[in-house]
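A short reminder: the numbers here are calculations on the coordinates, not readings from a lab. Computed from a predicted structure; not experimentally measured. Note that each Cβ is placed from the backbone with ideal geometry, even for glycine, and that neighbours are counted across all protein chains shown.
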Amino acid sequence: MREVVEIIDGDRGVNYPKNNEFLSGGDCVFLNAKNVSGTNFDFTDVQFITKDKDQLMRSGKMKRGDFVLTTRGTVGNIAYYGDDMSYDNVRINSGMVILRPQKDVINEKFFHLFLISQNFRNQIEAIKSGSAQPQLPIRDLKLFEINLPSIDRQKNIAQTLFPINDKIELNNKISKNLEAMAQAIFKEWFIEFNFPVELVKSEKLKVKSKGYKDAGGKMVDSELGKIPEEWRVGKLGEIVNLIRERVRNYKEWQNEKLLDLGRFPTKSLAMVSFGKGGEMTTSVFRFRKFDILFGAIRPYFHKVLIAPFNGVTNSSVFVIHPKQDIFWSFLVTILFSERTISYATQCSSGTKMPVVKWEDLCDMPIIIPDIAIVKSFDNKVGSFYKKIIKLVEENQTLSSLRDLLLPKLMSGEIRI
């Protein structure tokens, strides 16, 4: 790959920003791991450095048309810095590299397809080092192989396959919007306490008002602040079960779909090993479709999702199901929230690889609403999450089609 792509490391010298130098606004974006969390940028949580600090740094500045690749911790996430990006000045951190394709040799969209292909992911899995802190050294990245047709064929391949990628990205945007809608309703009902008054049987409420609080609903003190008098404060553990259905041998494991929250979805599970009798020496656990999966290692990476299929994952992922089904949407929204991620991060132990314990997560205080309101919320928001799962399933099909066609088009087995 070094023959067609320039690989640029970031500045790791004396001018590398210290924690107290990051700002919530400023001249230059300084990327963090959350910003490159899959195959696109996510600027929900952005940090900046000053113009003076930016000018002091020697390398690691992105240009339009560049790609960024994460090379430490969660390895293999990528994002494209195109003309549609709203930030003009962007720098990478020490866990990333810039990939700058030589445009006269390799088409940008063709290279983009390669970076999100199964071929590229397989090469990452084969070469990344470090079990506690996986890394992808630049010296190894330079050796990655890419089948390179003529520039004209590259353009044709990109024109053929990129619409598939565009549809996947559109589905991802729809999913994010649905999740945002769910969080907005959750905030309205369970933080601002303006859930529909018809859900509360009380003659004291002003029925014409929009919600409980606006209608004059009685609020009482609690450790989480004012809450409706019919509600109480409890612990997350009151509404959740940890599912630990262990896969014990190769025969049980070999036909299962695998999932690792490091890069969803993936085709491999790190370091699965077996004893002489075929019994598994690695802890691998089943999950079912619609279970909630919560990454316990470095929870600040926000590795939380709804299982889109039946499969297996490793012990660093909590497989969670509500104790009562009507709490499913309520629980999903809580676990997806920044409050839960912040709580889990604060409870984590370990310096390089902080991990949250299940017992600590279960101790998180939450509001336990009236059961009728929980049921109504599930009826309203559950359809959002189920739509997200359908979009994930569609993306799986589209990704498989793209991964099937790309090598055939590159090799000339299929002509266009």
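See the values below:
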| item | result |
| --- | --- |
| Theoretical ellipticity at 222 nm over the chain - DSSP helices of four or more residues, -39500 (n - 2.57) apiece, nearest 500 | -10500 deg cm²/dmol |
| Neighbour net charge for residue 398 - beta-carbon separation under 14 angstrom, K R +1, D E -1 | -2 |
| In the stretch 160-202, the trypsin sites (Lys or Arg not before Pro) that fall in loop regions by DSSP, at most 10 other Cβ within 10 Å | 201 |
| Spread of Cα-to-Cα distances over 10 Å intervals beginning at zero, given as percent, for the stretch 76-171 | 12, 42, 36, 10, 0 |
| Between 0 and 90°, nearest 10: helix 118-127 axis offset from the chain longest Cα axis | 80 degrees |
| Longest DSSP-loop-exposure-free segment, GluC sites (Glu not before Pro), the chain, at most 15 other Cβ within 10 Å | 230-412 |
| Cβ-based net charge around residue 67, under 9 Å, with every Lys or Arg adding one and every Asp or Glu removing one | -1 |
| Spatial extent of the stretch 5-148: Rg and Dmax, with the Cα atoms as the point set, Å | 14.9, 45 |
| Top of 240, 220, 284 by mean-square fluctuation, Gaussian network on the chain, Cα under 10 Å | 220 |
| Cleavage-rule hits (trypsin sites (Lys or Arg not before Pro)) in the stretch 1-105: DSSP loop, at most 14 neighbouring Cβ within 10 angstrom | 2, 12, 18, 58, 63, 64, 103 |
